[in-house]
Amino acid sequence: MRALLQTVGLAVAWPGQPPVLSGLDLALGPGERVGLVGPNGSGKSTLLLSLAGVLPAAAGAVHLGGAPVRAGVFNPAVGLVFQHAEDQLFCPTLADDVAFGPRNLGLAGAALEARVAEALTVCGLSELGERPVHRLSGGEKRRACIAGVLAMRPRLMLLDEPSAALDLRSRRRLIRLLAGLDQTLMVASHDLDLILELCPRVILIDAGRIRADGPAREILGDAALMAAHGQEVPPALARSRVAGWPRERAIAGGAA
Amino acid sequence: MAEPAGLLPGDPRARLAMALILAFGFAAVGQVGTVPALLALALILALVAGQPARLLRGLRGPLVLAAAFVLILPLVSGATVLWQAGPLRLRAEGLEAGLLIAGRLLAIVTVTLTLLATLPAHRLAAALRGLGSPALLADLLLLTLRYLDEVRGEILRARLARRLRGGGAGWRDLPGHGAMLALALIRSQRRAENIWAAMRLRGHAAGLAVPPPPLGASDRAGIAVAAGLAGLLLLMDRVA
Ligand SMILES: Nc1ncnc2c1ncn2[C@@H]1O[C@H](COP(=O)(O)OP(=O)(O)O)[C@@H](O)[C@H]1O
Ligand SMILES: [Mg+2]
């Protein structure tokens, strides 16, 4: 399988500071869904910003679909959903905001409207197009951000803490939405249950390096590894061990 | 975006051009005698646009400023004494200058608010770019407006947070307010930077968007009317 996203010896730094992450080699296949976990300040958000081309690589390179991602150069193939919805929504109405990206891609008229309607529908927001963005609920805002990115039809979507500050129902709705997407996803989150449901593969970063990269259940279920990096095994996995359930069952149950 | 445009042209570029033309025209007026015409013109434009509540809200600050000019200038500048009561002397030249400054100020603010206040910042920036101003300038305006917006929001939030935890109000707690303001400025700057990044990630200024259509007949008529009115006003000003 040819990688969609590949980094070679990538180092990421904020201007004038030592690298937050370095020596990153990772590859994502098309359609793969990867969870990015690690303690606060380990550089999850920083990595996403760099993969999206917001932060330049301090060393190494990022390739997307075989072409290098250059910082500051518009690349519609990759979409980033920011942690704080307020950082991303800036148009007066929801439909306006979702149209912003496609319009910049050169769409206009009926094609633009169709693209906006499609993204709103996928995100369950088709009724709210004319709503001012500041009058959306937290869950709606989050989905609005996703709609704005989806409307550009990126191949790779990067999501930063997508379930932060969502109530249970909004969170469930978000998981359903993300699970239905065809895009390659990288999801940075502390919500390990969400990652377990959504991502077959997990990358654990801590203290500037990738500490583990593999099947989600193995990594998230490894109590020693998780504890070493300030994480806890998510309840769904912990329970399955204690009770001696087949892990598959526990996870299938969680995903239903 | 549908808005109650009334008789005004809908294209942001046309509105921006009209506002600039009228504002420069108003600013060039030099005779007190022209001030009534100036204000009448601004008033008519505001009535045509038909958003009195929004306009009045926007005019509160400028009204205070204008009143200050009219009240203070006659007391401190000029030679011809109109009226005297003890140490207070009202002078003609100061009064004239005050009225002129206040009139121009109010007319310019009215016209700008009427034409531009309903436009969101990114439309305004796009209009600037559409009128041929450098992209950097337009984006700077956009970010500045957005930044001010964020600062306002941050200050309101911080003030509320302070009050809810018993923070003092008024002048007595000036240092606390200063710290709050500094924090609000920093936070807003970070947010404005994030927004800028988010916009560019979605292709802002990538130059791929379909260029806006040429101005329509009503838009061009609007600009022509604005130019005609500004010209007429300046003519009156010269003759007066
Ligand atoms: N805007 C910024 N400027 C400078 N340093 C930053 C900025 N944002 C984050 N950092 C630093 O980068 C490191 C990683 O932060 P971050 O990527 O936000 O971690 P995470 O998302 O995993 O919690 C931290 O040490 C943080 O202090
Ligand atoms: Mg983060």
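Just so it is clear, none of the values below were taken in a lab; they were calculated from the coordinates. Everything numeric here is computed off the predicted structure, so don't read it as measured data. Because the Cβ atoms are built from the backbone with ideal geometry, glycine has one as well, and the counts that use them run over all protein chains shown.
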Pick from the range A:1-54, criterion within 14 Å of ligand 1 (Cβ to nearest atom) and on the phi > 0 side of the Ramachandran plot, ranking: farthest from the other protein chains (Cβ to nearest Cβ): A:Gly38
Residue that is farthest from the other protein chains (Cβ to nearest Cβ) [pool: residues in the range B:200-224 that are assigned to a helix (DSSP H, G or I), out of contact with any strand residue (DSSP E or B) (no Cβ under 7 Å at 6 or more places or on another chain) and without any contact (Cβ under 8 Å) to a residue 12 or more places away in the chain]: B:Ala224
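Return yes or no: is B:Ala19 loosely packed, with under 14 Cβ neighbours inside 10 Å and in contact with a Leu (Cβ under 7 Å, 6 or more places away or on another chain)? Before you say what the answer is, go through the steps one by one.
Working: loosely packed, with under 14 Cβ neighbours inside 10 Å: no; in contact with a Leu (Cβ under 7 Å, 6 or more places away or on another chain): yes.
No, not satisfied.
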Enumerated helices (runs of 4 or more DSSP H) restricted to the range B:26-119, each holding at least 3 residues that are touching a helix residue (DSSP H, G or I) at 6+ places or on another chain (Cβ under 8 Å) and in contact (Cβ under 8 Å) with a residue 60 or more places away in the chain: B:35-49, B:92-116
Some residue of the range A:107-121 being in a helix (DSSP H, G or I), more than 14 Å from chain B (Cβ to nearest Cβ) and touching a helix residue (DSSP H, G or I) at 6+ places or on another chain (Cβ under 6 Å): yes
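Yes or no, residue by residue, for (1) in contact (Cβ under 8 Å) with a residue 24 or more places away in the chain; (2) within 16 Å of ligand 2 (Cβ to nearest atom):
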| site | (1), (2) |
| --- | --- |
| A:Leu159 | yes, yes |
| A:Ser189 | yes, yes |
| A:Ile195 | yes, yes |
| A:Cys199 | yes, no |
| A:Leu204 | yes, yes |
| A:Ile210 | yes, no |
| A:Ala224 | no, no |
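Hey, does the range A:144-156 have a residue that's within 16 Å of ligand 1 (Cβ to nearest atom) and either within 14 Å of chain B (Cβ to nearest Cβ) or out of contact with any His (no Cβ under 6 Å at 6 or more places or on another chain) (or both)?
Here is the first cut: in the range A:144-156, the residues within 16 Å of ligand 1 (Cβ to nearest atom) are none.
No: zero hits.
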Among (1) more than 10 Å from ligand 1 (Cβ to nearest atom); (2) without any contact (Cβ under 8 Å) to a residue 40 or more places away in the chain - the single one A:Ala57 does not satisfy: (2)
Some residue of the range A:125-134 being closer than 26 Å to B:Glu193 by Cβ and in a helix (DSSP H, G or I): yes
Pairs, first more than 7 Å from chain B (Cβ to nearest Cβ) in the range A:85-102, second in a loop (DSSP other than H, G, I, E, B), C-beta under 6 Å, six or more apart: A:Leu94/A:Gly129; A:Leu94/A:Arg131; A:Ala95/A:Gly129; A:Asp97/A:Leu89; A:Asp97/A:Cys91; A:Val98/A:Ala151; A:Pro102/A:Ala151
Check on A:Gly72, at positive phi and either at the interface with chain B (Cβ under 9 Å from one of its Cβ atoms) or over 22 Å from the mean Cα position of the chain (by Cα) (or both): yes
Hits in the range A:62-88 (condition: outside any loop (DSSP other than H, G, I, E, B) and within 16 Å of ligand 2 (Cβ to nearest atom)): A:Leu80, A:Val81, A:Ala85, A:Glu86, A:Asp87
Residue ID - farthest from ligand 2 (Cβ to nearest atom), chosen from residues in the range A:35-61 that are crowded, with 23+ Cβ neighbours inside 10 Å and in a strand (DSSP E or B): A:Ala57
